[in-house]
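Visitor: I'd like to ask you about the structure that follows.
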Amino acid sequence: IYVYGAPFSGKSHFANGFPNVLFLSTDGNYNNLPGGIPPHIDIKDNVTVEGRITKRVYAWEVLKEVLTELEKKQNDFETIVLDLVEDAYEHCRQYIFNKYGIQHESDSGYGKGWDLVKTEFLTVMKRLMTLDYQNIILISHEDVSTNLTRKSGDKITMIKPNIPDKIANKISGMADIVLRTVHDGGNY
């Protein structure tokens, strides 16, 4: 399932309703869920200092290590939730930048940097989506910043996941269900 919506519109709450959930969290949002803090792994850079040497394990590497452990299926989880996809995408970018010594995708020559990021990200997302668990849920915030004008002059606000369109389309294609959450007053 690919879920997107505005912040605090019920995305994580929805995912937490599934059986035996493990959150792979990029933003710590699990702290706000009713019923206490669910099982989770924080996907963030791990920085350690040994004497005068600082070592960094990038969040993207942490996510890949977690997937390697989840692939072993040595646990009782039934639902794996990645909360938030766009943060994971940014972690992937930073990992690629460090790996190839660049500061932006455009530093790698015509299209190469973007392709490196896209290929790395989608390869790991495919690993996640094909894990042998009952439910895999991806969560994104929504982007409502794009306004379109039809030929008739009508204006439309496009609401879509907050991630590049090509990536969002690929992820949507990996999911069985794509849904948007909405908080309207007291209703979700």
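The values are calculated or read from the model by the stated rules, or taken from the named source; none is laboratory data. Since this is a predicted model, take the numbers as computed values, not measurements. Here the Cβ positions follow ideal geometry from the backbone for every residue, glycine too, while neighbour counts run over all protein chains shown. What goes into the accessible areas is simple: the full protein's heavy atoms, side chains included, and nothing from ligands, DNA or RNA. Shrake-Rupley method; radii C 1.70, N 1.55, O 1.52, S 1.80 Å.
Visitor: Pull up the stretch 68-115, narrow it to residues that are at pLDDT below 95 and among the hydroxyl-bearing types (Ser, Thr, Tyr), then point me to the one that is nearest to residue 43 (Cα to Cα).
Guide: Out of the qualifying residues, it is 100.
Visitor: Restricting to the stretch 143-159, give me the number of residues that are open to solvent by 40 Å² or more (accessible area, probe 1.4 Å) and under 14 Å from residue 5 (Cα atoms).
Guide: Number satisfying all stated conditions: 4.
Visitor: Okay, next question. Inspect the stretch 30-52 for any residue being hydroxyl-bearing (Ser, Thr, Tyr), under 23 Å from residue 165 (Cβ atoms) and touching a residue at least 24 places away in the same chain (Cβ under 8 Å) and give the result as yes or no.
Guide: No: zero hits.
Visitor: Can you name every residue in the stretch 65-83 that is open to solvent by less than 20 Å² (accessible area, probe 1.4 Å) and touching a helix residue (DSSP H, G or I) at 6+ places or on another chain (Cβ under 8 Å)?
Guide: 67, 79, 80, 81, 82, 83
Visitor: Then there is this: Condition first: in contact with a Ser or Thr (Cβ under 6 Å, 6 or more places away or on another chain), touching a residue at least 40 places away in the same chain (Cβ under 8 Å) and open to solvent by less than 60 Å² (accessible area, probe 1.4 Å). Can you find one or more residues in the stretch 170-179 that meet it?
Guide: Scanning the stretch 170-179, I find no residue that is in contact with a Ser or Thr (Cβ under 6 Å, 6 or more places away or on another chain), touching a residue at least 40 places away in the same chain (Cβ under 8 Å) and open to solvent by less than 60 Å² (accessible area, probe 1.4 Å), so the answer is no.
Visitor: Given the structure, is residue 57 touching a helix residue (DSSP H, G or I) at 6+ places or on another chain (Cβ under 6 Å) and among the β-branched types (Val, Ile, Thr)?
Guide: On the way: touching a helix residue (DSSP H, G or I) at 6+ places or on another chain (Cβ under 6 Å): no; among the β-branched types (Val, Ile, Thr): yes.
For residue 57, the condition - touching a helix residue (DSSP H, G or I) at 6+ places or on another chain (Cβ under 6 Å) and among the β-branched types (Val, Ile, Thr) - is not met.
Yes or no, residue by residue, for (1) touching a Leu at 6+ places or on another chain (Cβ under 7 Å); (2) under 16 Å from residue 70 (Cβ atoms); (3) touching a residue at least 40 places away in the same chain (Cβ under 8 Å); (4) part of a loop (DSSP other than H, G, I, E, B):
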site: 97; (1), (2), (3), (4): no, no, no, no
site: 106; (1), (2), (3), (4): no, no, no, no
site: 122; (1), (2), (3), (4): no, no, yes, no
site: 126; (1), (2), (3), (4): no, yes, yes, no
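Visitor: Something else about it: What number of residues within the stretch 160-169 are of a type in the set (D, E, K, R) and open to solvent by 70 Å² or more (accessible area, probe 1.4 Å)?
Guide: Of the residues in that region, 2 qualify.
Visitor: In this structure, is residue 9 closer than 20 Å to residue 66 by Cβ and surrounded by 19 or more Cβ atoms within 10 Å (Cβ to Cβ)?
Guide: Working: closer than 20 Å to residue 66 by Cβ: no; surrounded by 19 or more Cβ atoms within 10 Å (Cβ to Cβ): yes.
The answer is no for residue 9.
Visitor: Residue 58 passes all but one of (1) within 23 Å of residue 135 (Cα to Cα); (2) open to solvent by 30 Å² or more (accessible area, probe 1.4 Å); which number fails?
Guide: So the condition that residue 58 fails would be (1).
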